[in-house]
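What follows is a short report on a single structure.
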Amino acid sequence: FNFFKYDLAVVPAHDEGKVPEGTLRTLIAPARMESEEMENAARVISKSMRSPQKVKVAVFVGGPTRRFQIRLEDIKELCGILNKQSGSLGHYVLTTSRRTPPEIENFLKQNNDHACELTVIAREDSRHEVVPGMMALADILIITEESVSMISEALRSGKKVVVLSFESGNLPAKHRRFQNLLARESAVTVSHLKNLEEKLAKVKNLSAADFVSAQDQILKKRLQEIL
């Protein structure tokens, strides 16, 4: 794949390597998240909840990638924090990915936190409404740190995004660069479990919607220049 054959190369800023002069560096991966689709999806998944109006947080749990691991103990601690803070934060919904380990899936199936309105195991429930519906219902989206695409999609929803970092995760260097670049732009907040309560209290200062709009305008301008 030769970038130098093209009039415009659009390359993520967290990727390294040689690129042509004038390359447009983007901070998030391309993702489509339409507000109408989100609202329609929210109506579908709300039918499975006790009190969808109480949902303020949506959690997206990923899974292992090469050297990266997510431990069951971390997910238990995460659910405990969200349950404990539900009086001030609101209720939460949660979904896994197809990479989520079975032991974590089994724990989540049995989780009876009063604040958990819905748990979706992706391996068993592949409805396309789950992700956009959860994003529509929540004000705050918590994404585990290993998924560049899910973090990008969450940002495009316009909601407040918290990237959950695990100290034992052994995240690849380019994923760490991705986190740091977004945090520097105040597009996301990066949190460990030990300071998650504190970070959630400050998440209102994020400006994801403005950040995504600015990124899109830059790309649109560069495309217009070559068309």
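Label-to-label distance for Asn112 and Asp7 is 6.4 nm, based on points extended 7 Å past Cα in the beta-carbon direction. Other residues with beta-carbon under 9 Å from the beta-carbon of Phe68 carry, at +1 per Lys or Arg and -1 per Asp or Glu, a net charge of 0.
Would you mind computing Rg(Cα) / (2.2 N^0.38 Å) for the range 32-151, counting N as its residues? Write out the running numbers ahead of the final one.
Values: Rg = 13.6 Å, N = 120, 2.2 N^0.38 = 13.6 Å.
For the range 32-151, the normalised Cα radius of gyration comes out at 1.00.
Only lysines eight or more places from Lys76 in sequence, or on another chain, were considered; those with a Cα closer than 18 Å are Lys84, Lys109, Lys194. Relative to the dominant Cα principal axis of the chain, helix 208-226 is inclined by about 30°. Once the Cβ-Cβ distance between Val19 and Arg98 is put in as r, and R0 is 25 Å, what FRET efficiency do you end up with, to the nearest 0.05? Efficiency, rounded to the nearest 0.05: 0.20.
When the surface is traced with a 1.4 Å probe over the full set of protein chains, Ile81 keeps roughly 20 Å² accessible. Residues whose amide H comes within less than 5 Å of that of Val120, counting only those at least five positions distant or on another chain, are Leu94, Thr95, Thr96 (H built at 1.01 Å from N in the peptide plane). Compared with the dominant Cα axis of the chain, that is its longest principal axis, helix 173-184 is turned about 90°.
Rounded to the nearest 10 degrees, what's the angle between the helix 72-84 long axis and the longest principal axis of the chain, both from Cα atoms, 0 to 90? On a 0 to 90 degree scale, this one is about 70. Surface analysis of the chain yields an accessible area of 52 Å² per residue, using protein heavy atoms and a 1.4 Å probe. The C-alpha radius of gyration of the range 4-88, expressed as a fraction of 2.2 N^0.38 Å, stands at 1.68. For the chain, which span is the longest to avoid every loop-located (per DSSP) member of chymotrypsin sites (Phe, Trp or Tyr not before Pro) having at most 14 other Cβ atoms inside 10 Å? Answer - 7-227. Near Leu223, once Lys and Arg are set to +1 and Asp and Glu to -1 for all other residues with Cβ below 11 Å from its Cβ, the sum equals 0. Summarising the strand pairing of the chain, around 5 percent of its internal DSSP beta bridges are antiparallel.
Let me have the relative contact order for the range 1-90, percent, based on Cα pairs under 8 Å that are six or more residues apart.
On the way: 42 pairs, mean separation 15.7, N = 90.
Once normalised by length, the contact order is 17 percent.
Radius of gyration over Kirkwood radius for the chain, both on Cα atoms: the Rg/Rh ratio is 0.98.
For the chain, what's the relative contact order in percent, using C-alpha pairs closer than 8 Å and at least 6 residues apart?
RCO, the chain: 24 percent.
The values are calculated or read from the model by the stated rules, or taken from the named source; none is laboratory data. As the structure is a prediction and not an experimental result, all values here were calculated from the model. Heads up, the Cβs are rebuilt from the backbone with ideal geometry, glycines too, and the neighbour counts pull from every protein chain shown. Accessible surface areas use protein heavy atoms only, side chains included; no ligands, DNA or RNA. Shrake-Rupley method; radii C 1.70, N 1.55, O 1.52, S 1.80 Å.
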